[in-house]
Each structure stands twice: as C-alpha cells, then as structure tokens.
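Written out below as structure tokens is the structure these notes cover.
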Amino acid sequence: MSTCRFRCPIVADMLDHYGAPSAGDSPLPSKFGDPHCTASGEARAKVALTGLDTLWFNTGTLCNLTCAGCYIESSPLNDRLSYISAADVRAYLDEIADEGLGTQEIGFTGGEPFMNPEIIEILDLTLDRGFEALVLTNAMKPMWKQRDGLLRLRDAYGDRLCLRVSIDHHDRARHETERGPQSWQPMIDGLVWLSSHGFRITIAGRTFDGESEDVLRAGYARLFTRLGIGIDARDPADLVLFPEMEDGVDVPEITTGCWDLLGVSPDAMMCANSRMVVRRKGADGPVVVPCTLLPYGREFEMGATLAEASESVPLNHPYCASFCVLGGGRCTGA
C-alpha cells in the first residue's frame, strides 16, 4: 500500500529510518505500543485540541453492506457499536451549548447511519439547534426508506443538511469489487434522487495504487456529467478522496521531529478540531474518542464528556500515520 502517493515523496526514507529492524538487528519494542515514545525511543508526536469544530457520532456499526476496505468492519452482523440514541446526542449538544464550545458541524458515520431507527429524530434535533449536519451514507435501501423524513428535513433546514455519498470508484466494476455485486445501481439511484430533490450532496471516493489524483477526478467528473449531477470533481470539498488504509502494513511512527521534516502542522490533523462519540455494545453510556478512525480501542477512550476529551492526543495508531499525517486525510466537511 502506498500510504500517501500524492503528498509524501519522503515516506520511503521515513520507513528506512523508523521502520521495523532488519534481520540480524536487535529487536526493538513493538511499534505503537507506548503513547509517549516510539519504538526507536523518540518522543511520540501529540496533537492538541485547538477547538471542537466538528463533533462526530458513530450511529452504530450495523450496515447493509460488507465492504472489502471498511476500516471499521461494518456489516449486517457487526453490532460492536450500538445505535446512538437521540437522548445521547442531546446530552452532548447540551454540553456544547453550556460550555460555549463554538462547534459548527455535527457529523454522523457508521455503519450506515440510516439504519439507526432514530436517525431522522437525531438529525432534526441537531439541525434545530443551529448546527450543520453531515451524514456519511451509501445512499442505498436504508436511506431510501427514510426519504419522507429526509424531505421534511430538507424543507425545514435546506443546505444545513449535507449528505456525503460513498462512491469508492467512478468505474462500476471497481466500485463493486470493494462494495459487493449489485451495489452500484442502488447507490446511483439514491444519488440521483438526492440530486433531483435539491439536497446538498458531496462524494467520498478512494485513492488506489496506479491512479493519479488528476486521473481519478477526471473519471468522477465524467460520471457526474453523465448523471446530470452538479458536483465539481475538481473541488476537494465536493469530492473527498481518502487515502488507503490497510491493517498489517508497516508504517512509520510519527515523532515530534516529523512535523518539520514533513512540513505538516499538527493543527491540520483531525484530532486538532474534532472528536467522536461512540456507544459500545452493553455499555452504560457513550464515550468520546479522538476521531472517526479509532472507534474500538479502549486505550483511546478519553472520557464520557467533551470536557474530559479535551486533552492532547498521542499519535499512537498506524492510522494516525497512514491516513492523517502521511495521507493528508480528513473526515470533516471542510
């Protein structure tokens, strides 16, 4: 896997410096094992919260699809994260107001958010409080079942509701390799329905080895033109291209010295301005984690409240390196 084919020509040099020891070397401690130090003994990079611009809710890990590249392993059977409730969401929106946090955007991811039986109530609550709402969806049958509720939300709140539709590739065969057979046309039908009914929509795609960003965007542009959808494939806010993530692939740990080496600011990381709320199966209540990529590890739990989750985040997971620092990925609507 190329962790950052568009932005980081020095990744190979970093892997040479920070990578696993070669045969015959004395073994180093495991990577990503210590929140304060890397395996090479250097100070691990941390990211301070500069402001809570976006609060994410994982609506539950159940999904109508089982995608090959799903980092959270969502499926019709994975309920490791339970459905978030409207009461859960209300408590965190209250905390935002009570503490004057200035949060502008509330994001919803899954699983498939439209499988959550309270999703329309949750979105109504969020939008009624004056927030922007961003929903990540595959635009398939679960969303279709909620179309009456979505139309009511569109009429009441207009463009403050944004739906980001996942299209893994502009080519049907490549998309279905990731998402499964017969997953293309229902998604296209849902996307066209959203567009024809005046919803604010953006697209989430993926980068693949062997394809440049320009080639990918040109392919998506042809698709949008063919469908008659007014999305600018050249605009990184309209078409978000996420870097690949793959478990078990060696990636460098990020040290405090990497910021200057890479020319990257810690303030550009997701965990500098966002957090995510999850409810674990069987738990008494929800907890806050640093970002959308770290839903399962209990070592990343920051507390039950947003105040408790205001501490700095050590970049102690391979995704911190491959997706965020080296891949330049962000899940927010900006």
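Before we move on, is Arg160 at pLDDT 95 or above, farther than 28 Å from Ala133 by Cβ and within 23 Å of the chain's Cα centre (by Cα)?
Values: at pLDDT 95 or above: yes; farther than 28 Å from Ala133 by Cβ: no; within 23 Å of the chain's Cα centre (by Cα): yes.
Considered against the rule, which asks whether it is at pLDDT 95 or above, farther than 28 Å from Ala133 by Cβ and within 23 Å of the chain's Cα centre (by Cα), Arg160 comes out as no.
Collect the residues in region 158-181 that are free of Cβ contacts under 8 Å to residues at least 60 places away in the same chain and closer than 17 Å to Ser196 by Cα, keeping them in residue-number order.
So in region 158-181, the residues free of Cβ contacts under 8 Å to residues at least 60 places away in the same chain come out as 158-161, 163, 165-167, 169-176, 181.
Matches in region 158-181: Gly158, Asp159, Leu161, Leu163, Val165.
Sort out which residues of region 29-46 are assigned to a loop (DSSP other than H, G, I, E, B) and either in contact with a Pro (Cβ under 7 Å, 6 or more places away or on another chain) or over 8 Å from Asn316 (Cα atoms) (or both), and write them in order of number. Spell out the reasoning first.
Narrowing region 29-46 to residues assigned to a loop (DSSP other than H, G, I, E, B): 29-36, 38-42, 45.
Those that are assigned to a loop (DSSP other than H, G, I, E, B) and either in contact with a Pro (Cβ under 7 Å, 6 or more places away or on another chain) or over 8 Å from Asn316 (Cα atoms) (or both): Pro29, Ser30, Lys31, Phe32, Pro35, His36, Thr38, Ala39, Ser40, Gly41, Glu42, Ala45.
Could you give me the residue pairs with C-beta distances under 8 Å whose first residue belongs to region 85-106 and is over 21 Å from Leu161 (Cβ atoms), whose second residue is among the β-branched types (Val, Ile, Thr) wherever it lies, and which are 6+ apart or on separate chains?
What qualifies is Glu95/Thr305.
Go through the residues of region 156-176 one by one and say whether even a single one is of a type in the set (Phe, Trp, Tyr) and closer than 23 Å to Ala237 by Cα. Please lay out each step first, then the result.
Looking only at region 156-176, we keep the residues that are of a type in the set (Phe, Trp, Tyr), and these are 157.
Restricting the remaining residues to those that are closer than 23 Å to Ala237 by Cα gives 157.
The answer is yes, given that some residue of region 156-176 is of a type in the set (Phe, Trp, Tyr) and closer than 23 Å to Ala237 by Cα.
For region 204-235, enumerate the residues that are hydrophobic (A, V, I, L, M, F, W, C) and either assigned to a loop (DSSP other than H, G, I, E, B) or in contact with a His (Cβ under 7 Å, 6 or more places away or on another chain) (or both). Write out each step before concluding.
As a first pass, look at region 204-235 and keep what is hydrophobic (A, V, I, L, M, F, W, C): 204, 208, 215-216, 218, 221, 223-224, 227, 229, 231, 233.
Across region 204-235, the qualifying residues are Phe208, Leu223, Ile229, Ile231, Ala233.
Is it true that some residue in region 228-245 is touching a strand residue (DSSP E or B) at 6+ places or on another chain (Cβ under 9 Å) and under 20 Å from Thr50 (Cα atoms)?
No, every residue in region 228-245 fails to be touching a strand residue (DSSP E or B) at 6+ places or on another chain (Cβ under 9 Å) and under 20 Å from Thr50 (Cα atoms).
Taking the options Ile84, Ile188, Ile120, name whichever one is over 20 Å from the mean Cα position of the chain (by Cα), crowded, with 17+ Cβ neighbours inside 10 Å and under 24 Å from Lys281 (Cα atoms).
Ile120
Considering (1) surrounded by 21 or more Cβ atoms within 10 Å (Cβ to Cβ); (2) in a loop (DSSP other than H, G, I, E, B); (3) not small (Gly, Ala, Ser), say which one Leu55 fails and leave the rest.
(2)
Identify, from the list Thr61, Thr54, the residue that is among the polar types (S, T, N, Q), closer than 18 Å to Pro290 by Cβ and touching a helix residue (DSSP H, G or I) at 6+ places or on another chain (Cβ under 9 Å). Let's see the steps before the verdict.
Details: Thr61 fails: touching a helix residue (DSSP H, G or I) at 6+ places or on another chain (Cβ under 9 Å).
Exactly one of Thr61, Thr54 is among the polar types (S, T, N, Q), closer than 18 Å to Pro290 by Cβ and touching a helix residue (DSSP H, G or I) at 6+ places or on another chain (Cβ under 9 Å), namely Thr54.
The values are calculated or read from the model by the stated rules, or taken from the named source; none is laboratory data. As the structure is a prediction and not an experimental result, all values here were calculated from the model. Note: ideal-geometry Cβ built from the backbone for every residue, glycine included; neighbour counts use all protein chains shown.
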